[in-house]
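Heads up, the thing below is written out as structure tokens.
The values are calculated or read from the model by the stated rules, or taken from the named source; none is laboratory data. Being a predicted model, the structure only gives us computed values, none of them experimental. Glycine also receives a Cβ, built like all others from the backbone with ideal geometry; neighbour counts cover every protein chain displayed.
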Ligand SMILES: Cc1cc2nc3c(=O)[nH]c(=O)nc-3n(C[C@H](O)[C@H](O)[C@H](O)COP(=O)(O)O)c2cc1C
């Protein structure tokens, strides 16, 4: 099973990157996780679509080829960051020709605050639901107070590691169920 993990942050030192990079070691057998940073496409405009950008087409193909997608989103002002929204908007074009329909998708996120991206995750779920993606509803995974749980780029908090392991295993089961 090939899973694409997209983290929605452009920061070099990113809590969501660290969350994403913690996942492969916790994944069950036969589940391969590829970690990618949200691509920096030009800002979307309908006029720029006329000559469809090759980097967007390639990323759409990457999504299409994956058995499932995990998105780790930061929360910016109680929503998803513009970089992630821009990426999603591009992948939704041309109209009706996007790779998200029926795609197994799980959402998670990390923030330094006490609510751990819960609002941004619902924002993202709303968009994915609109696409008709097969969203994993539960378990949810919110990494709150991340700076206390991640040390030197590595997830150290044992309780959180167990929760993340369960979340990844649940997504494997979700992807398998979607394939039936
Ligand atoms: C413009 C802006 C808005 C933010 N809004 C929120 C927010 O609504 N909720 C939250 O928990 N954190 C918020 N934060 C803090 C981010 O969660 C924090 O910067 C986090 O580290 C970003 O994720 P990253 O480390 O993966 O880049 C905000 C940060 C910025 C720069």
Item to check | Whichever residue in segment 1-28 is out of contact with any strand residue (DSSP E or B) (no Cβ under 8 Å at 6 or more places or on another chain) and within 20 Å of residue 104 (Cα to Cα) and, among such residues, is farthest from the ligand (Cβ to nearest atom) | outcome: 28
Next on the checklist: Based on this model, can you work out whether residue 76 counts as free of Cβ contacts under 8 Å to residues at least 12 places away in the same chain and either within 24 Å of residue 21 (Cβ to Cβ) or out of contact with any strand residue (DSSP E or B) (no Cβ under 7 Å at 6 or more places or on another chain) (or both)?
Outcome noted: no
Checklist entry - Checking residue 146 against (1) buried (at least 16 other Cβ atoms within 10 Å of the Cβ); (2) on the phi > 0 side of the Ramachandran plot, which test does it fail? => result (2)
Item to check | Hits in segment 90-116 - residues which are under 15 Å from residue 70 (Cα atoms) and in contact (Cβ under 8 Å) with a residue 40 or more places away in the chain | outcome: 102, 103, 104, 106, 108, 109, 110
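Please tell me if residue 65 is surrounded by fewer than 13 Cβ atoms within 10 Å (Cβ to Cβ) and farther than 18 Å from residue 170 by Cβ.
It is true that residue 65 is surrounded by fewer than 13 Cβ atoms within 10 Å (Cβ to Cβ) and farther than 18 Å from residue 170 by Cβ.
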Checklist entry - In segment 1-40, what count of residues is obtained for those that are in contact (Cβ under 8 Å) with a residue 60 or more places away in the chain and surrounded by 22 or more Cβ atoms within 10 Å (Cβ to Cβ)? => result 12
Next on the checklist: Kindly evaluate residue 127 against the criterion of being surrounded by fewer than 21 Cβ atoms within 10 Å (Cβ to Cβ), touching a strand residue (DSSP E or B) at 6+ places or on another chain (Cβ under 6 Å) and over 19 Å from residue 11 (Cβ atoms).
Outcome noted: no
Checklist entry - So is residue 76 away from the ligand (no atom under 13 Å from the Cβ), surrounded by fewer than 22 Cβ atoms within 10 Å (Cβ to Cβ), farther than 21 Å from residue 3 by Cα and over 14 Å from the mean Cα position of the chain (by Cα) or not? => result no
Item to check | Failed item in (1) under 21 Å from residue 16 (Cα atoms); (2) surrounded by fewer than 16 Cβ atoms within 10 Å (Cβ to Cβ); (3) modelled with pLDDT of 95 or more, with residue 140 passing the rest | outcome: (2)
